[in-house]
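Engineer: One structure is given below, represented as structure tokens, and several questions about it will come after.
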Amino acid sequence: MEQIRILYMGTPELSSYVLEGLILAGFNIVGLVSQEDKPIGRNRKIEMVPTKKVATKYGIPCFQPHKIRLDYSFVSDLKPDLIVTCAYGQILPNELLSIPRLGCINVHGSLLPKYRGASPIQQSLLNGDSKTGVTIIEMIDKMDAGDMLLQKEFNLSIDDNYTSTSQKIAECGLDCLKQIIPLIVLHQEKRVKQNEDEVTYCKKITKEEEHLDLTKSSKDVINQIRALSETPGGFVYLDEQIFKIYQAKLLEGNGKNNTIIKADKNGLWIGRNDGIISLEIVQKQGKKKMDYKSFVNGEKNLIGKEVK
């Protein structure tokens, strides 16, 4: 197979897994384009984004334009045959899409045309879907609307959260790219139009949406916890402070709505009209993440307190 020049565009952990997988599989990655490095943690120390760490490890040139639509002249200099994007984080201008002779493809974390947009993994979990997957699409000037080149699905369990599903998306996405890139080189890929009648959209998750919506059913609250775990973590208010819930399960029964009804070594339970939410991994404001037993050990008079 012809060794083509691939420009990779992506930023987060999920994307770094795919990038390293392509490198180890022998694909010729001539450059990485990612979002800018940002300060993280309490010390606000600037840290390389995950994909940049991988590219640096393998000596691949890195580019981090503030706004790609205003700064992409370097792309022509790299002479890419194909651009592969995976969770890059910016919309590419038409002029950039037209540079590589084999076009631009995107790894999208849903079974398109379902969940076009910025948060397909979270949306799938919020809706309690039993399966999701990856779609490799041709990039055009309309968001996630290009022809589908390959699609693979996998099952989701009730124990899957954003972190575990992202890893499954990364593994599936890498497999898809290994399969489709050789076909693109040989011009043997099959293109399938998306059914516009089946399109749904998902927007970026806002800070406000990290607050668990206790007006919804307990099943929906559990799904919201899954969609926000392990990062950024869904929260409620307990004693007027942010109380994050990273892992919980739904039990049969009920209790006084949105009130702590059990707090001992055998469980930390929130009563609900339609079930009991059993908390497993939590984090009190200003404290470290911990299991419920450690939290209960350090607290007094929890029973009867309301979460909001």
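The values are calculated or read from the model by the stated rules, or taken from the named source; none is laboratory data. Because the structure is a prediction, the values reported are computed rather than measured. Ideal geometry is used to build each Cβ from the backbone, glycine not excepted, and the neighbour counts take in all protein chains shown.
Table: residues versus (1) at pLDDT below 95; (2) in contact with a strand residue (DSSP E or B) (Cβ under 8 Å, 6 or more places away or on another chain); (3) more than 21 Å from Q224 (Cα to Cα); (4) surrounded by 15 or more Cβ atoms within 10 Å (Cβ to Cβ).
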{"position": "F243", "(1), (2), (3), (4)": "no, yes, no, yes"}
{"position": "K249", "(1), (2), (3), (4)": "no, yes, no, no"}
{"position": "N258", "(1), (2), (3), (4)": "no, yes, no, yes"}
{"position": "W269", "(1), (2), (3), (4)": "no, yes, no, yes"}
{"position": "S294", "(1), (2), (3), (4)": "no, no, yes, no"}
{"position": "V307", "(1), (2), (3), (4)": "no, yes, no, yes"}
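Engineer: Then there is this: Select from the stretch 226-247 the residues that are without any contact (Cβ under 8 Å) to a residue 40 or more places away in the chain and under 22 Å from S119 (Cα atoms) and write down the one among them that is nearest to the chain's Cα centre (by Cα).
Structural biologist: P232
Engineer: With the structure loaded, tell me whether K262 is over 15 Å from K219 (Cα atoms) and out of contact with any Phe, Trp or Tyr (no Cβ under 8 Å at 6 or more places or on another chain) or whether it fails that test.
Structural biologist: no
Engineer: Just checking, which of K45, K38, K52 is surrounded by 20 or more Cβ atoms within 10 Å (Cβ to Cβ) and of a type in the set (K, R)?
Structural biologist: That would be K52, the only listed residue that is surrounded by 20 or more Cβ atoms within 10 Å (Cβ to Cβ) and of a type in the set (K, R).
Engineer: Could you tell me whether any residue of the stretch 30-39 is among the hydrophobic types (A, V, I, L, M, F, W, C), part of a loop (DSSP other than H, G, I, E, B) and at pLDDT 95 or above?
Structural biologist: For the stretch 30-39, residues among the hydrophobic types (A, V, I, L, M, F, W, C), part of a loop (DSSP other than H, G, I, E, B) and at pLDDT 95 or above: absent.
Engineer: For the stretch 192-277, which fully contained strands (runs of 3 or more DSSP E) count at least 2 residues that are within 30 Å of D144 (Cβ to Cβ)?
Structural biologist: The strands (runs of 3 or more DSSP E) meeting that bar are 234-238.
Engineer: Under 7 Å between Cβ atoms, at least 6 apart or on separate chains: pull out the pairs that start in the stretch 129-143 with a residue that is more than 26 Å from A227 (Cα to Cα) and end on any residue that is assigned to a strand (DSSP E or B).
Structural biologist: Hits for this filter: E138/I105; E138/L149; M139/T85; M139/C104; M139/I105; M139/N106.
Engineer: Ok, one more. Quick check on my filter: what residues within the stretch 230-259 are touching a Phe, Trp or Tyr at 6+ places or on another chain (Cβ under 7 Å), closer than 18 Å to E299 by Cβ and not hydrophobic (A, V, I, L, M, F, W, C)?
Structural biologist: Once the filter is applied, which keeps residues that are touching a Phe, Trp or Tyr at 6+ places or on another chain (Cβ under 7 Å), closer than 18 Å to E299 by Cβ and not hydrophobic (A, V, I, L, M, F, W, C), the stretch 230-259 yields Y237, K244.
For every residue, the table says whether it meets (1) touching a Gly at 6+ places or on another chain (Cβ under 8 Å); (2) crowded, with 20+ Cβ neighbours inside 10 Å; (3) at positive phi.
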position: P93; (1), (2), (3): no, no, no
position: P100; (1), (2), (3): no, yes, no
position: N106; (1), (2), (3): yes, yes, no
position: G117; (1), (2), (3): no, no, yes
position: L125; (1), (2), (3): no, yes, no
position: V134; (1), (2), (3): yes, yes, no
position: D147; (1), (2), (3): no, no, no
position: F154; (1), (2), (3): yes, no, no
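Engineer: Still on this structure: Collect the residues in the stretch 172-218 that are within 17 Å of the chain's Cα centre (by Cα) and surrounded by 14 or more Cβ atoms within 10 Å (Cβ to Cβ), keeping them in residue-number order.
Structural biologist: Within the stretch 172-218, C172, G173, L174, Y201, C202, I205, E209, E210 meet the criteria.
Engineer: Right, another one. Looking at Y237, is it surrounded by 17 or more Cβ atoms within 10 Å (Cβ to Cβ), modelled with pLDDT of 95 or more and of a type in the set (S, T, Y)?
Structural biologist: Against the criterion (surrounded by 17 or more Cβ atoms within 10 Å (Cβ to Cβ), modelled with pLDDT of 95 or more and of a type in the set (S, T, Y)), Y237 does not qualify.
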